[in-house]
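Comments concern the structure below.
Nothing in this text is a laboratory measurement; each read-out follows from the coordinates by a stated rule. No experiment lies behind these values; they were computed from the predicted model shown. Quick reminder, even Gly has a Cβ in these numbers, built from the backbone with ideal geometry, and neighbours come from all protein chains shown.
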Amino acid sequence: MLLRFLILLTCLFVAPFTANPALAQEFPALHRVVDVRAGDVLNIRAEPDARAEIVGRFDRTQTGIEVIGLSEDRRWGLVRTEERVGWSSMRYLEAERSDSWIDGRQSLTCMGTEPFWTFHLSLPGNAASYDSLAEGAMTFTTDAPDLPRTRGPYTLAVPFTGPRNGMVTIRNAVCDDGMSDRLYGLEAQVYWRGRTEGLSGCCMLGN
């Protein structure tokens, strides 16, 4: 898995590694399939190459596809499929929204291990929920979409209140869940007020 991860990174053009702030907010982003003929599908390939192995397919009407980043020539998008990632042609993918994840108006799901936990941010909606095997489920209120942006230009900080107060920070970075060949375009840290240790994990767009 480590070798595959390194190979993907060499192909991937991810915004925070560039000096262009606009690109830094461009991905990850949700896309839909367009311009695929009836009866055909959009292939997902192992590498950003039309001759590479096919590892999955999107239906011609598929929506909600998260593009993590682009190949160096910006012709291919890195997408998730089942328990791995692959590449689809950006010629057949169209962005579903004009805003960015960092605007604080898109819902996000963050998750991590040791212990297993999930943190849902319903934005805008001023709501959040946390669930873990160790502590059970909790619901919170946030002040989205009027969110402070701290810790650098590529980070969204979301304070929350409820049974336990704290903050979740989401940063633009390639993130590995450590359990599969799946990659994510955002990483998260959850901080609890009064506790010295937080949680670290990966995020994807949507709930």
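Applied to segment 114-121, the Karplus parametrisation 6.51 cos²θ - 1.76 cosθ + 1.60 on θ = phi - 60° returns per-residue 3J(HN,Hα) values of 6, x, 5, 8, 9, 10, 9, 10 Hz, with x for Gly and Pro.
Could you give the length gained by full extension between residue 135 and residue 83, i.e. 0.36 nm per residue of separation minus their alpha carbon distance, to one decimal place?
16.0 nm
Simple point charges give the picture: +1 on the Cβ of Lys and Arg, -1 on the Cβ of Asp and Glu, and for segment 101-205 a dipole about the Cα centre of about 320 debye. Extension gain, residue 74-residue 193: 0.36 nm per intervening residue step, less the Cα-Cα distance, totals 38.7 nm. Per-residue packing, averaged as other Cβ atoms within 10 Å, sorts the ranges 122-128, 156-162, 135-141, 193-199 into the order 156-162, 122-128, 135-141, 193-199, beginning with the highest.
Positive-end ranking of 117, 196, 174 along the dipole of segment 101-205, with charges on Cβ about the Cα centre, is headed by 196.
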